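Bear in mind that the values in this text are calculations on the coordinates, not laboratory data. Here the structure is a predicted model, which means the values were calculated and not measured. With ideal geometry, Cβ positions are generated from the backbone for all residues, glycine too; neighbour counts draw on all protein chains shown.
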Amino acid sequence: MSAFAGSSLYFGMLLSVGAYLFGMWLRKKTGLSLCNPLLVAIVAVILFLSVFRIEYGAYSRGADYLSYLLTPATVCLAIPLYRQLELLRRQAAAVAAAILTGVAGSAASIYVMSLLFKLEHVYYVTLLPKSITTAIGMGVSEEAGGIVTLTVVSIIVTGIFGNVTADWLFFICRIEEPVAKGLALGTAAHAIGTSRALELGEAEGAMSSLAIAVAGLVTVAVVPLVSGLI
Amino acid sequence: MRYLKGTAIIFGITMAGDFLSRLLSLPVPAGVYGLFLLLFLLCAGWVREADVAEVGDFFLEIMPLLFIPAGVGLIESLEQMRQVLIPFAAINGCSTLFVMAVTGLVAQAIIRRRGADGPVEESSDREERR
């Protein structure tokens, strides 16, 4: 079974799509926000591969084609942003203030917690770009002398965690404005958070798309200023 | 025909973004250059929204799917993480919630304060452009 399934290039893609559909079905069935389709899909694929003893390589050979589509998908984030341009103009002050606060809050919280855990400099700078999109974060980590692979892991974990916990956090903090939700998801959890924001609505998706780019660029400027603190 | 056109435009812009990110040695990825390029072309009227809407909506709908391989790949780097697993998990979790909360609350506070200023605010959109 394993050698047979893994021999097709389409296996990884089919397994990913199937697992995601299963995740959507599960959320609908249970109504639990913990049953986040992305999280369920990742766990389901890992379980499937280990139960049927299929090597990771056999999966990723096909599934990597999905990753290639991330760049054109990111380009397409311009479309909801364009549709919501009037909203952006109207809320420009809120957008700018929220993203700047978010980026500063990210650096401050990582600094404080790194002190608490007595982390070395190299781990501190590895974590600093964790809330921004992978391609920018890798460059920032490298520049600051961090461990790039660990930065990538942190970015993905952050994104999935933000995607999964957003509904719950918005409920607890009484964040109800679509613009605020979108900015929060994009600033804290980059593109993976944005994929959740797009499911919430077009205004959320547009603001989240904008926040990926702006928070990423602001972080590029902020990290060199704070990287010497530990 | 509209699928062909949209696909051509989106992949064309993606490639332009790719070239830009390699040409300018800034830590900005191809997708972000492409995002602003497409936004500019839409605003300038050189690309019509209708031409990219269908293919674009397809990409946006399947977007969460595209993160599954990266998520599954995490098990491969578990070994590397071992000695910093606990601080990394704690910092990633707490910091993400903190950033999401402050960003959302700051945005909401500003939006609501401006909203409370009355209907004048709403109708003066045009003068408000800065």
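If you average 1/r over all unlike Cα pairs in region A:146-212 and invert the result, what Kirkwood radius do you get in angstrom?
This gives a value of 11.6 Å.
For Cα pairs less than 8 Å apart in space and 6+ apart in sequence, what is the mean separation divided by the residue count of chain A, i.e. the relative contact order in percent? The partial results should precede the final answer.
Numbers: 306 pairs, mean separation 45.8, N = 230.
Result for chain A is 20 percent.
Which three lengths, in whole Å and largest first, does region A:133-182 cover when its Cα atoms are put on their principal axes?
So the three principal-axis extents are 39, 18, 14 Å.
Enter the mean number of other protein chain beta carbons within 10 Å of the beta carbon of each residue in A:148-156, as an integer.
Working: counts 0, 4, 5, 0, 4, 10, 7, 2, 7.
Neighbouring Cβ atoms belonging to other protein chains average 4 per residue here.
Each residue of region A:212-225 in turn: what ³J(HN,Hα) in whole Hz from Karplus with 6.51, -1.76, 1.60 and θ = phi - 60°, glycine and Pro shown as x?
So the Karplus estimates, Gly and Pro as x, are 4, 5, 5, 4, x, 5, 5, 4, 4, 7, 7, 4, x, 6 Hz.
Could you state, as a whole-number percent, how many of the C-alpha pairs of region A:33-155 are farther apart than 25 Å?
Cα-Cα pairs in region A:33-155 separated by more than 25 Å: 50 percent.
Cut-off under 28 Å on the C-alpha distance; same-chain residues fewer than 8 positions from A:LYS130 excluded. Which lysines are left, in chain and number order?
A:LYS118, A:LYS181
Per-residue Cβ counts within 10 Å, from other chains only, averaged over A:164-170: what number is that?
Mean inter-chain Cβ contacts per residue within 10 Å come to 3.
What average count of beta carbons from other chains do you get within 10 Å of the Cβ of residues in B:22-31?
Mean shielding by partner chains, rounded to a whole number: 6.
What number, in nm² with one decimal, is the all-direction average of the projected area of the convex hull of the alpha-carbon atoms of region B:26-67?
3.7
Averaging over every viewing direction, what projected area does the convex hull of the Cα atoms of the protein assembly as shown cover, in nm²?
19.4
At a temperature of 25 °C and a viscosity of 0.890 mPa s, determine how fast chain B diffuses translationally according to Stokes-Einstein, using the Kirkwood radius over alpha-carbon pairs as Rh; express D in µm²/s, rounded to the nearest whole number.
This corresponds to a translational diffusion coefficient of 127 µm²/s.
Going by how many other Cβ atoms sit within 10 Å of their own, how do A:MET207, A:MET113, B:MET63, B:MET81 line up, fewest first?
B:MET81, A:MET113, B:MET63, A:MET207
Using the count of nearby Cβ atoms within 10 Å as a rough guide to exposure, how do A:GLU55, A:GLU199, B:GLU79 rank from fewest to most? Write down the numbers at each step before the final one.
Values: A:GLU55 12, A:GLU199 15, B:GLU79 7.
Fewest-to-most Cβ neighbours within 10 Å comes out as B:GLU79, A:GLU55, A:GLU199.
How are the Cα pair distances of region A:78-229 distributed, in percent, across 10 Å bins from 0?
Using 10 Å bins, I get a P(r) of 13, 43, 32, 12, 1 for region A:78-229.
If you keep only loop residues by DSSP, which trypsin sites (Lys or Arg not before Pro) in region A:86-195 have at most 15 other Cβ atoms within 10 Å of their Cβ?
Counting only loop positions with at most 15 other Cβ atoms within 10 Å, the trypsin sites (Lys or Arg not before Pro) in region A:86-195 are A:LYS118, A:ARG174.
Once both axes come from the Cα atoms, what is the angle between helix A:56-68 and the longest principal axis of chain A, in degrees from 0 to 90, rounded to 10?
Its long axis makes an angle of about 50 degrees.
Rounded to the nearest whole Å³, what is the per residue volume of the convex hull around the Cα atoms of region A:2-68?
With only Cα atoms used, region A:2-68 gives 76 Å³ per residue.
Apply the Karplus curve 6.51 cos²θ - 1.76 cosθ + 1.60, θ = phi - 60°, to the phi angles in region A:99-105 and return the couplings in whole Hz, x for Gly and Pro.
With the stated coefficients, region A:99-105 comes to 5, 4, 4, x, 5, 5, x Hz.
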